[in-house]
1. Which FRET efficiency value, to the nearest 0.05, do you get for residue 306 and residue 35 by plugging their Cβ-Cβ distance into 1/(1 + (r/R0)^6) with R0 = 30 Å?
2. Mind checking the full-extension length gain between residue 79 and residue 8? Use 0.36 nm per residue of separation minus the Cα-Cα distance, one decimal, nm.
3. Over the chain, what per residue volume does the convex hull of the Cα atoms give, in whole Å³?
4. Give me the angle, in degrees from 0 to 90, between the Cα long axis of helix 295-304 and the longest principal axis of the Cα atoms of the chain, rounded to the nearest 10.
5. May I ask for the angle, rounded to the nearest 10°, between helix 141-154 and the longest principal axis of the chain, with both axes built from Cα atoms and the value confined to 0 to 90°?
6. Using only the alpha-carbon atoms, what does the stretch 111-163 span along each of its principal axes? Please give whole angstrom values in decreasing order.
7. For the stretch 26-179, compute Rh as the Kirkwood radius over C-alpha pairs and then the Stokes-Einstein diffusion coefficient at 37 °C and 0.692 mPa s; write the answer in µm²/s, rounded to an integer.
8. Anyone know which of 272, 221, 207 comes out most mobile in the 10 Å Cα GNM of the chain?
């Protein structure tokens, strides 16, 4: 019998989903995610993969059913496959998901599927090679397209694209992105840009609401509202007579804080109770106090839930972003 209660925050929300950034490093430099000359954490600041595994196991023991592994780019972490194999078949874990830029999938997709990864989300913001390079600064579109093909071939339960539209940069590609997803027989979600980190463009001028995107798409497709959920914040619409669903993650236009069921962990072992707040609980010392006893760690996790705020404070009208922390640090 589990001596610890379920993870319930001060507002009665059950926390059964964690997003774990296992590295802040990435082989891309996407303009909305990080600066061009990023200073990454030193290697001794980052949790070992063994420590990452212990943290995941502790959360699953406390009732977490869904784990999403993020970065940075998680698949550039050395020995990442060892980590996925360690956690991929844990009793009680219903779903292991990875969010990736797709650059490593061509040679890792099959191994990830065997390790227990059920779903893969691939960030793709443009189908134009020049624009793709402009947004990612260093990324190769063809490599990502090969990764998408490999993910489909590997047989994951679901392969989904994540697309962030920015006005004046790629906002004219919404219909083309959905057409691509339909042709590939995969899903796609549009994510509103969030005011995190200092970036080299004014977010208030590039922000595109998902209401605008939905209106544009409905003029082309007879989208049908769906009640389907993947346990996260996306609201889905079905493309008639097609496999593809179109999701919208809308932290601004449709705030989803009231039903938030997740927390985030940085690669340093910092537990963030809200993406849009700076408050954190440092779990690394508890991991390192004892190599064999995780009871204190679990108790700290349970207690921390009472500090989870009611919601974020995203506001593009503010001069400074809501949080100075870059998206790559906690994985979005």
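Laboratory data are not the source of any read-out in this text; all were calculated from the coordinates shown. Keep in mind the model is a prediction, meaning the values are calculated, not measured. Please note: Cβ atoms are built from the backbone with ideal geometry, for glycine as well, and neighbour counts cover all protein chains shown.
1. 0.30
2. Extra length from residue 79 to residue 8 when fully extended: 22.2 nm.
3. Each residue corresponds to 130 Å³ of Cα convex hull volume.
4. Long axis of 295-304 versus the principal axis of the chain: about 50 degrees.
5. 60 degrees
6. Answer, in whole Å and largest first: 34, 17, 14 Å.
7. On the way: Rh = 16.5 Å.
Calculated translational D: 199 µm²/s.
8. Answer for the Gaussian network model of the chain: 221.
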